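Novice: Take a look at this one; I'll ask things after.
The values are calculated or read from the model by the stated rules, or taken from the named source; none is laboratory data. In this text the structure is predicted, and so the values were computed from the model without any measurement. Positions of Cβ are generated from backbone atoms using ideal geometry, with glycine treated the same way; all protein chains shown enter the neighbour counts.
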Amino acid sequence: MSARARIGVLALQGAFSAHAAVVRRIGGDPREVRLPRHLDECDALIMPGGESTTMSKLLESSKLFDPIAECLSAGMPVFGTCAGMILLASNVLDGRDDQRSFVAIDIDVRRNAYGRQVDSFETDLTLSGDAEPLHAVFIRAPRIERMGADVTVLAEYDGAPVLVRSKSVMAASFHPELTDDDRVHRMFLELVDTVEHR
Ligand code: GLN
């Protein structure tokens, strides 16, 4: 399936078009998701960076929150980056009281934890099992402060995990869609290929 896996990209707000471009470049079939019915044509979902509090509100007003929650509990693979990672986390620290998350991966994340003085920065990461460094862009990024035993670390920075996986869920603190390096998206498409869904 991977060659033309239909990868929904949540397109309510934030960096969704860059994700769609990477998915297309590596042979997937990106679909913008703005309405509940768009989910019917997706094998998997990407939640982009942006502003998690705004996305949480738009997920409610577009009536997408509950259908997405159902897809995720049915095992649809999902990849959240930055704000998208916050939306997937089991616990959000320094969030707004009314901000919702899907509790799809057992991590606690603290919003904006990397950059009170410096909003964004770039660094090279080591991907697990890969000698080639991965250049990573962090923008007001969330920091993972706790993770459950079933969560695997795929990359770390400054003593904290920044790319993790648990079952059909991947999450990154940084923005892999903003560099030319496709490896993180390829990992997700491989995951989509191996997870049985529908
Ligand atoms: N700080 C943002 C938030 O809470 C995330 C930033 C990003 O996605 N680049 O949602």
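Novice: Ser168 - would you say it is among the polar types (S, T, N, Q) and within 14 Å of the chain's Cα centre (by Cα)?
Specialist: Against the criterion (among the polar types (S, T, N, Q) and within 14 Å of the chain's Cα centre (by Cα)), Ser168 qualifies.
Novice: Those residues that are within 16 Å of the ligand (Cβ to nearest atom) and either more than 24 Å from Val23 (Cβ to Cβ) or in a loop (DSSP other than H, G, I, E, B) (or both), I need them from region 139-198; list them, please.
Specialist: The answer is Arg140, Ala141, Pro142, Arg143, Ile144, Glu145, Tyr157, Ala160, Ser173, Phe174, His175, Thr179.
Novice: Restricting the search to region 107-166, which residues are touching an Asp or Glu at 6+ places or on another chain (Cβ under 9 Å), closer than 15 Å to Ala89 by Cα and of a type in the set (Lys, Arg)?
Specialist: Arg110, Arg111, Arg143, Arg146
Novice: Examine region 104-112 for a residue that is within 15 Å of the ligand (Cβ to nearest atom), part of a helix (DSSP H, G or I), closer than 27 Å to Val33 by Cβ and not hydroxyl-bearing (Ser, Thr, Tyr), and state whether such a residue exists.
Specialist: no
Novice: Based on what the data block shows, is Arg110 out of contact with any helix residue (DSSP H, G or I) (no Cβ under 8 Å at 6 or more places or on another chain) and buried (at least 18 other Cβ atoms within 10 Å of the Cβ)?
Specialist: Against the criterion (out of contact with any helix residue (DSSP H, G or I) (no Cβ under 8 Å at 6 or more places or on another chain) and buried (at least 18 other Cβ atoms within 10 Å of the Cβ)), Arg110 qualifies.
Novice: Same structure, new question: Name every residue in region 14-49 that is touching a Gly at 6+ places or on another chain (Cβ under 6 Å), at pLDDT 95 or above and within 12 Å of the ligand (Cβ to nearest atom), in order of residue number.
Specialist: Met47, Pro48, Gly49
Novice: With respect to the numbered conditions (1) closer than 23 Å to Tyr157 by Cα; (2) charged (D, E, K, R); (3) within 12 Å of the ligand (Cβ to nearest atom), which one is the sole condition not fulfilled by Arg96?
Specialist: Single failed check for Arg96: (1).
Novice: Also, I was wondering about something else. Quick check on this structure: which one of Asp106, Asp97 is acidic (Asp, Glu) and either at pLDDT below 95 or more than 17 Å from the chain's Cα centre (by Cα) (or both)?
Specialist: So the residue among Asp106, Asp97 that is acidic (Asp, Glu) and either at pLDDT below 95 or more than 17 Å from the chain's Cα centre (by Cα) (or both) is Asp97.
Novice: Another one. Name every residue in region 56-76 that is within 16 Å of the ligand (Cβ to nearest atom) and out of contact with any helix residue (DSSP H, G or I) (no Cβ under 6 Å at 6 or more places or on another chain), in order of residue number.
Specialist: Ser56, Lys57, Leu58, Glu60
Novice: Could you list, in sequence order, the residues of region 127-145 that are surrounded by 14 or more Cβ atoms within 10 Å (Cβ to Cβ) and closer than 15 Å to Val164 by Cα?
Specialist: Leu127, Leu134, Ala136, Ala141, Pro142, Arg143, Ile144, Glu145
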